[in-house]
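J.: Structure below; questions to follow.
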Amino acid sequence: MHDSSVGGPLLWPADEPWPHCDAPHEGGDHALAELRLQQRIRASEAMHPDGDAPVPGYTPAEQAVLDRLDSDETWHDSSWLEGPVALLPLAQLYVRDVPGLRPPAGAGADLLQVLWCPFDHPPEQYMPRTVVVWRSAAAVNEVFTSPPEPPLVVEEYLPEPCVLAPEQVTEYPGAGELSGELLEQIGDWSLWQAAGAGVDSSYAPYPDSFYGSHLSVAPGWKVGGWPMWGYTDPAPRSCPACGTAMDPLLTIATFEWDSSNGSWIPYEDQAAASSTDPRYRDLTQPTRIQIGSGYKQQLYFCPAAPEHPHIELMQ
Ligand SMILES: [Zn+2]
Ligand SMILES: [Zn+2]
């Protein structure tokens, strides 16, 4: 809980109420306790790559759970939930680890915590609802070590616990946010050649797609940066309380990269990403989160007043 992480645990004060969601829920899935066991089995397998000590065999209890998950016997619809739903830890980011993370001025905050309710919330949003908390890590004395959990989750909204090693990258706005003049220049192959950018000549007929895939907007989880548009065209994001143009806070992405934008793979993952070893199959989706059919959930905040409600978009 003293690391920047996805999927918890959070540095949460023992004397502060844990957030719950009382909106109507849709969707359903497996019992969380059984999915947690599956996560622990995956983590234990990841600790034993081939050549090391073999993965210990499943206990009869573990095997029984895996069989039940496979057979969908543990599937329940959301009517199985009773009362408000306890939120799950989604992300915890220390300012010291994330160069682009700017806490609200004045309050001494150095830790951003995002929790979410792991269900769809129709009709307003077919995504989890998030709660955003800024706090000072030093002000947390006694830590809440056993937060409540929902009995049930949508499996695609259960983050795989990960420790983060954030990296700063340079981005440029998506093509949909550029002026006509800049778009023309980006689509002019002779300008790319004159610049000596060394772009592969297979992009000569459509250099704008090189810009879109490899230069402009980073595809994975990120703080700040330029928004990736795709589900809709670019649209203004105004604070619902005061109308100020909102700034991007956090992007929760389904995929870190895909076959079209592999230049965004972190250097340390490149060898593994080109491996056919099945142990590396989850590199594009280390958090196992899926938004819609592979989209991103973007959180925006009001720069004029941090207490104004944040908004979230699917893109
Ligand atoms: Zn909810
Ligand atoms: Zn505002």
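Bear in mind these aren't lab numbers, they're just calculated from the coordinates by the rules spelled out. Predicted model, so just to flag it, every value in this text is computed and none were measured. Every residue, glycine as well, gets a Cβ built from its backbone with ideal geometry; the counts of neighbours run over all protein chains shown.
J.: Going toward the positive end of the dipole of the chain, with +1 on Lys and Arg Cβ and -1 on Asp and Glu Cβ, which of GLY294, ALA23, GLY180 do you reach last?
T.: GLY180
J.: Among THR145, LEU11, TRP264, whose Cα lies farthest out toward the positive end of the dipole of the chain, if unit charges sit on the beta carbon of Lys, Arg (+1) and Asp, Glu (-1)?
T.: Farthest towards the positive pole: LEU11.
J.: Given a cut-off of 17 Å, what percent of all Cα-Cα pairs of the stretch 184-284 lie beyond it?
T.: Result for the distance tail: 65 percent.
J.: Sorted from largest down, what three extents in whole angstroms do the Cα atoms of the chain have along their principal axes?
T.: Reported extents, whole Å, longest axis first: 64, 54, 39.
J.: Summing -39500 (n - 2.57) over the DSSP H runs of n ≥ 4 in the chain and dividing by its residue number, what mean residue ellipticity at 222 nm do you reach, to the nearest 500 deg cm²/dmol?
T.: Taken over the chain, the calculation gives -4000 deg cm²/dmol.
J.: Placing +1 at every Lys and Arg Cβ and -1 at every Asp and Glu Cβ, with all other atoms neutral, what dipole size does the stretch 1-47 have around its Cα centre, in debye to the nearest 20?
T.: Dipole about the Cα centre, nearest 20: 260 debye.
J.: A further question follows. In what sequence, highest mean first, do 179-190, 211-222, 34-45 appear when ranked by Cβ atoms within 10 angstrom?
T.: By packing density, highest mean first, the sequence is 211-222, 34-45, 179-190.
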